[in-house]
Amino acid sequence: MLDLIFLVIMIGVGYFAGTRVEKKHYKSIEEREAKFIYLPAVSSKNLLEDRPIDSTLLVQGNAVIATDYFKVILAGLRNLLGGEVSAYESLLDRARREAVLRLKESAQGADIILNLRIETCQISTAGSTEALAYGTAVYYKK
Amino acid sequence: MILTNIESTPGKKIMEHFGLVCGSTVRAKNAFKDMGAGLKNIMGGELKSYTALMEESRRQAIERMEEQARQLGANAIINVRFSTSNIAPGAAELYVYGTAVKVE
């Protein structure tokens, strides 16, 4: 009985805290994405413009995001029936977008980021993911 | 040391190739920090201590790779790639590799 109460509390805390945290995070991601709209990060390796280059720099950004308990239960139920697990989709989406934003933040003054690569890895079995974004920042001669 | 993850160093010509260089580090998580992470796993959100740990470990792997390149007489590393593998529960290997070159 005590176990059941504990479980319900964990799910409840997970649902309310998790939803709030996610909403706040998405708001912050969207704000910062709008701020960095001037700095394109592309997956191609070649520059379109033929301008003199001052320097290049390897830049990276990473983020480890944990899922909440409510989503763990939700995904667990999904595992019985199969199908799309949207609870984990938003987790990965947040981690990747956050990593790309951190990459852009570390490339102050750059003109373009070439060959953007995103890699993910599982940190723990409990459901936290790391996303790593890296690329080559190009600075044109001013 | 110039690092890029493309096959060239834009704006600079490659003079000489030295072959593959790599650096790796295996890190285990801190059990005390992991207690905080356990709480975060209920509430959701970013695990800041893990983000910092991974960043720091990756920097160490890059330093090791750069050291190897320096010994070969290179001054740039092109086509840098990162890779992560879980070798045991709670421990991860961070591996970075690239091609050491000499640019003008």
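Rundown of residues vs (1) at pLDDT below 95; (2) more than 17 Å from residue A:29 (Cβ to Cβ), yes/no style:
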site: A:40; (1), (2): yes, yes
site: A:52; (1), (2): yes, yes
site: A:70; (1), (2): yes, yes
site: A:75; (1), (2): yes, yes
site: A:78; (1), (2): yes, yes
site: A:94; (1), (2): yes, no
site: A:101; (1), (2): no, no
site: A:112; (1), (2): yes, yes
site: A:119; (1), (2): yes, yes
* Asked: Any residue in region B:11-26 that is part of a loop (DSSP other than H, G, I, E, B) and within 17 Å of residue A:135 (Cα to Cα)?
  -> yes
* Residue identified as without any contact (Cβ under 8 Å) to a residue 40 or more places away in the chain, farther than 20 Å from residue A:14 by Cα and within 11 Å of another protein chain (Cβ to nearest Cβ) among B:53, B:3 -> B:53
* Structure fact -> Of the residues in region B:56-87, those that are small (Gly, Ala, Ser) and either in a helix (DSSP H, G or I) or without any contact (Cβ under 8 Å) to a residue 12 or more places away in the chain (or both) come to B:57, B:61, B:69, B:85
* Structure fact -> Residues of region B:28-50 being facing chain A (nearest Cβ under 7 Å) and open to solvent by 40 Å² or more (accessible area, probe 1.4 Å), in sequence order, are B:40, B:43
* **Subset of region B:13-27 [on the phi < 0 side of the Ramachandran plot and either over 24 Å from the mean Cα position of the chain (by Cα) or open to solvent by less than 70 Å² (accessible area, probe 1.4 Å) (or both)]** => B:13, B:14, B:15, B:18, B:21, B:22, B:23, B:24, B:25, B:27
* Give me the pairs, please: first residue somewhere in region A:10-23 and within 17 Å of residue A:128 (Cα to Cα) and within 8 Å of chain B (Cβ to nearest Cβ), second residue anywhere and open to solvent by less than 60 Å² (accessible area, probe 1.4 Å) and among the acidic types (Asp, Glu), beta-carbon distance under 9 Å, and either six or more positions apart or on two chains. => A:14/A:68; A:17/A:68; A:18/A:68; A:21/A:68; A:21/B:46; A:22/A:68
* **Residues of region B:28-47 satisfying the condition of being in a helix (DSSP H, G or I) and closer than 19 Å to residue A:69 by Cβ** => B:34, B:35, B:36, B:37, B:38, B:39, B:40, B:41, B:42, B:43
* To do: Kindly check whether there is at least one residue in region A:1-9 that is within 11 Å of another protein chain (Cβ to nearest Cβ), open to solvent by less than 50 Å² (accessible area, probe 1.4 Å), in a helix (DSSP H, G or I) and modelled with pLDDT under 95.
  => no
* If you scan region A:91-142, which residues turn out to be in contact with a Ser or Thr (Cβ under 8 Å, 6 or more places away or on another chain) and closer than 17 Å to residue A:49 by Cβ? -> A:113, A:114, A:115, A:136, A:137, A:138, A:139
* Do we have residue B:58 as closer than 18 Å to residue A:118 by Cβ, within 11 Å of chain A (Cβ to nearest Cβ) and touching a Leu at 6+ places or on another chain (Cβ under 6 Å) here? -> yes
* Taking region A:91-119 as the search range and keeping residues that are surrounded by fewer than 16 Cβ atoms within 10 Å (Cβ to Cβ) and under 9 Å from the mean Cα position of the chain (by Cα), which one is farthest from residue A:32 (Cα to Cα)? -> A:92
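The values are calculated or read from the model by the stated rules, or taken from the named source; none is laboratory data. It should be emphasised that the depicted structure is a prediction, and the values quoted were computed from it without experimental measurement. Here Cβ is always computed from backbone atoms with ideal geometry, including for glycine, and neighbour counts include all displayed protein chains. For accessibility, only protein heavy atoms count, side chains too; no ligands or nucleic acids. Shrake-Rupley method; radii C 1.70, N 1.55, O 1.52, S 1.80 Å.
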